[in-house]
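Participant: Structure in structure tokens, see below.
Every number here is computed from the coordinates shown, using simple stated rules; none is lab data. These numbers were taken from a predicted model, which means no experiment stands behind them. As a convention, Cβ positions derive from the backbone with ideal geometry for all residues, glycine included, and neighbour counts pool all protein chains shown.
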């Protein structure tokens, strides 16, 4: 062993002990004939004191930043103590030292606030990983994984490995494929998730399965996606939705406790998908703050059970509202005194192409209970008051109203709400609010093909009360314009998403376990019997031999860690991430391979040969 | 929840409780008007008693093998108790039942001694996994993994995930490659191990890393190899070989304790590679029994430090020995009374093509201290006695002697030793003996290319005392015939294998951490500077920024589990294994993919288009 202690271990109680440390040179400071060095390792930093007697050796073996150093010395009480670090009361009076390895000057400083840009830090990721900020993220990731494993173990879950070289059955995202040398012309696929395998394990009787497992998706990457990502993947047999919700609420609460020391004792709130869409404009609402959407005009065919209050704005000759498919308002608390400059800035914000609105209407709910709006021409104060009441606006609030096509306007209002929440400090980084979103539609309508697609995946079960209706009806949509009237449009899924602070951190469903229902589902998605057999014959086969009722969930491990770590970017929580082009710029992958390898695989490139 | 208890839970203390169980129908037995059913789940089997009152319902809903059943009833004390199972003292007096799912007749019986052949069980792996024998294997696997994680956690190791989509740098086995859609014409590779990444983590200061991780190797498969396999992969910084041996001896001993309740208190034996080859004929000796090899004639240039005792057999005019490159003897304890039939059988055994010897000489060491051999013509009793003494044979033993070309003969004698060990019951399935094999040669000679290849891998460090010599000498072999005289032939590696009962379960090394030495190593393996930069530029780059001394080890998780489970086959310890052609016959992978997928990847098949 090159050391007797770590750089984070020494305390006052160790004074006068002879100690050996090894680590990296963080800083070097000279005071006259004395040299101070901060020595760093994974566990902390210890100050070294090189007295004058070592100057000759230091001149012969000069030190530099990031040099690897082994030192032996005696622990000494410091005169000027540093109370910011656990080792700050002592220093090591160096007797002798060895330079274990040298370093050229790093391309950026190894500090929390580094001067290195993103690209440089990705290229030298092995140096970026030395920074305390990145190390903390990986330590948190390890702690989350360990907490999850402990909880699931105590709940009798078994970690069972599923294969990585599987079969390509694309439905949704693209598969990465792997040419097989031993089976020329054939390909494996890398799993987008272990979905079918965990279901087979349920058929096999392993009634509580989990895995923390890499998954792969060949998608065009957005800034917060990775081609390979990690899931906490779980499945249970002999359960109903309620059992799963309770079990995995418990998992997340345990992680909160173990990793953040947060006692999340409240029951996790629950909300139907329809309510989430209606009151927050999206299916993963951030419920740390209110500011709910008020639908002043909403196509009632989408959400037939919601109350239509469009009379509040109609009949006023305000064309923008009259002609818009949808009009949605939100009340920003305490913003009635916003200046013209501030409202203009917000208007510009919603007009950016990413948001895509044409303008914004506002209503000031003044502290004296009077109202002032940008549409005073069209609406009397009485009308404005009625609108404000519908929006649950208080005196002192400002109401913002967007109008336009349904989906875009809903999305824009939702974005505006989050933006205002950020500006108003309502999205606190150290506040954590969980939410179950339930009762998703089973199907979504695919306009291009005039057919149904699975909202979650093809293995999700409809609500028990919808099963008979689903089996009895023909999935074909005769009249594309009226697809919403097709009975399948109203089928709800036994599916659930867990949302944390406005991010979907997990999702799952009760699965279909009846062969006939699974076949009907495949047919509804446009798969004929041949394709069903080719892609999922093994699963349909397994369902013939006593498949139990089962369901499960998968958590996005990277994202969960990022949110717990207070970051928006999953990349900061992955040791060796890829960039937006799917490249690892450090190792320079992907890259060309030898002609010999291609020949052995019996493939060739379209471009070349 | 579909159950209040599991099928393994109920005991006498539960008598008179009302209980709900769910599981699979294992057996159905009718006694007059009463029906007994054994209900099975992951946790055990519970006997159900259906009284006459349920016969009507049973007729309307007939049960069958592997049906999924939910039953409610009252726990009853059994009159004839079954002491073989924990639930054998009770039965459930069924009040009501629901058939949750039906099953067609399984293609083989779901029992320990199944009537299903290998191929059938692989195709219906989801049914094979229901068998108690297979379930025990997966439970053992989970226990081994959990034990390893706990130990490594306590030792401050961190689980850090390394990427799966990396760069192809084949050296030795072939890489599986993954075409990149976003980077047309370029490929990722799946890792054969996380080797370079774990070394980068050491450079980054994460001084104790581990991962239980899938690795991939596109090799022609032998019966006990899989294209994807799992490693317990570990690396430490600031350590010497001795530290690693101690740390991972501790890991295996902990696993023995946690999983098998074995207190392995002895220090793990250690043996140099040379001694292993000399006394056991291979580098992973089974040391549960002695029967060491006695090299009566051995080319001393291979093992220059060993004693040449060829005078014992020379000068007797026995051409077989005189003309053989190598003559090796082993003494089989207590076999002097072997019949002619038995020795003939053994002779046939060594003459099989897999062993490839031409014949076998034997010497009976009779109980009365006389000797009798198949070469009495050539050797006097005195000579035979001297040979027996060299072989440490006792009165009552039988000495077997093989002669021929060096490598084949050594291998054959080693195989014969293991075969005799098996026959004589010396390889006990419940006895576990660990061994460290040390001091491997750093290089092997590749005859075809007349160059050196790395015995372990290109990152393994030579012994510190050999480093200077390695750097100073030119790796080029001028005279192929005398390659053994090249200084590189004598360089020993700081490498180690852990052997359990004659199987290599782990191996590793102290790594090179000096850029110049790593470049010299790459050059010795025939890589020019351009190739070094292209393949390993990131590692050479990282070594410029303060790389610490480090080393590590990887355990073959599948094999470790198999040996602990008393099996020769790793396939029994993998939930969804592939067959010898690398196929998953259950899901039918690999398989053809859509033309559209090929087009998107910008590749085509050699055969088609």
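Participant: How far is helix B:529-542 tilted off the main Cα axis of chain B, in degrees rounded to 10, range 0 to 90?
Facilitator: For B:529-542 against chain B, the angle is about 60 degrees.
Participant: Another question, then. With each run of n ≥ 4 DSSP H residues scored as -39500 (n - 2.57), what mean residue ellipticity at 222 nm is computed for chain B after dividing by its residue count and rounding to the nearest 500 deg cm²/dmol?
Facilitator: -8500 deg cm²/dmol
Participant: Let me ask another. With angles folded into 0 to 90 degrees, how steeply does helix B:132-154 sit against the dominant principal axis of chain B? Use alpha carbons for both and round to 10.
Facilitator: Tilt relative to chain B: about 60 degrees.
Participant: Over 44 Å apart: what share of the alpha carbon pairs of chain B falls there, rounded to a whole percent?
Facilitator: 38 percent
Participant: Also, quick follow-up: Ratio of alpha-carbon Rg to the 2.2 N^0.38 Å globular estimate for the stretch A:289-427, to two decimals, please.
Facilitator: 0.97
Participant: Turning to a different aspect of this structure: With an 8 Å Cα cut-off and a minimum separation of 6 or more residues, compute the relative contact order for the stretch A:441-518 in percent.
Facilitator: 34 percent
Participant: Okay, next question. When 1/r is averaged over all different Cα pairs and the result inverted, which Kirkwood radius in Å belongs to the protein assembly as shown?
Facilitator: Taking the inverse mean of 1/r over all distinct Cα pairs, the protein assembly as shown comes out at 35.1 Å.
Participant: Kindly state, to the nearest 0.05, the FRET efficiency for residue A:341 paired with residue A:406, given R0 = 22 Å and r defined as their beta-carbon distance.
Facilitator: Result of the calculation: an efficiency of 0.10.
Participant: Same structure, new question: Which distances, shortest first and in nm, link residue A:599 to the matching position in the other copies, using label points set 7 Å out along Cα to C-beta?
Facilitator: Once sorted, the set of distances for residue A:599 reads 3.0 nm.
Participant: Sorted by packing (mean other beta-carbon atoms within 10 Å per residue), highest first, where do B:558-569, B:505-516 land?
Facilitator: B:505-516, B:558-569
Participant: Percent relative contact order of the stretch A:12-101, based on C-alpha pairs within less than 8 angstrom and at least six residues apart?
Facilitator: 33 percent
Participant: Would you calculate the separation in nanometres between label points at residue A:358 and residue A:79, each defined as 7 Å from the Cα along the Cα-to-beta-carbon direction?
Facilitator: Taking the two extended label points, one gets 7.6 nm.
Participant: Would you please give the FRET efficiency between residue A:139 and residue A:531, computed as 1/(1 + (r/R0)^6) with r the Cβ-Cβ distance and R0 = 60 Å, to the nearest 0.05?
Facilitator: With a Förster radius of 60 Å, E is 0.80.
Participant: Next question, about the same structure. Scale the Cα Rg of the stretch A:232-341 by the rule-of-thumb value 2.2 N^0.38 Å and send over the ratio, two decimals.
Facilitator: The stretch A:232-341 yields a ratio of 1.54.
Participant: Also: As an exercise, find the ratio Rg/Rh for the stretch A:12-101 from alpha-carbon atoms, using the Kirkwood inverse-distance average for Rh.
Facilitator: With Rg and the Kirkwood Rh in hand, the quotient comes to 0.93.
Participant: If you stretched the chain out fully between residue B:348 and residue B:607, how much longer would it get, using 0.36 nm times the residue separation minus the C-alpha to C-alpha distance?
Facilitator: The residue B:348-residue B:607 span can extend by a further 88.6 nm.
Participant: When you look at the Cβ of every residue in B:227-239, what mean number of other chain Cβ atoms sits within 10 Å?
Facilitator: 3
Participant: Give the share of C-alpha pairs in each 5 angstrom bin for the stretch A:356-449, from 0 to the last occupied bin, in whole percents, shortest bins first.
Facilitator: Computed distribution, short to long bins: 3, 10, 15, 17, 17, 15, 10, 7, 5, 1, 0, 0.
Participant: Give me A:448, B:159 sorted ascending by neighbouring Cβ count inside 10 Å, so fewest comes first.
Facilitator: The order, fewest Cβ neighbours first, is A:448, B:159.
Participant: I would also like to ask the following. Can you sort B:527, A:236, B:1 by how many other beta carbons sit within 10 Å, fewest first?
Facilitator: With the sparsest Cβ surroundings first, the list reads B:1, B:527, A:236.
Participant: Then there's this: Mind pulling the angle between the C-alpha long axis of helix A:340-351 and the longest principal axis of chain A? Nearest 10 degrees, somewhere in 0 to 90.
Facilitator: 80 degrees
Participant: Below 8 Å, C-alpha to C-alpha, sequence gap of six or more: please give me the relative contact order for chain B in percent.
Facilitator: Relative contact order for chain B comes out at 13 percent.
Participant: Still on this structure, I have one more. Inter-copy label distances at residue A:319, 7 Å along the Cα→beta-carbon direction, one decimal in nm, shortest first?
Facilitator: Computed spacing set for this position: 11.6 nm.
Participant: Could you line up A:406, A:66 from fewest to most neighbouring Cβ atoms inside 10 Å?
Facilitator: By the 10 Å Cβ count, ascending: A:406, A:66.
Participant: Further, regarding this structure: How far is residue B:98 from itself in the other copies, in nm, if each label sits 7 Å out from Cα along the Cα-Cβ line, shortest first?
Facilitator: List, nearest first: 7.1 nm.
Participant: Here's another thing I want to ask about it. Please report, to two decimal places, log10 I(q)/I(0) for the stretch A:174-295 at q = 0.22 Å⁻¹ as given by the Debye formula with identical point scatterers on the Cα atoms and no solvent.
Facilitator: -1.26
Participant: Also, I was wondering about something else. Using only atoms on other chains, find how many Cβ atoms lie within 10 Å of each Cβ of peptide A:118-125 and report the average.
Facilitator: 1
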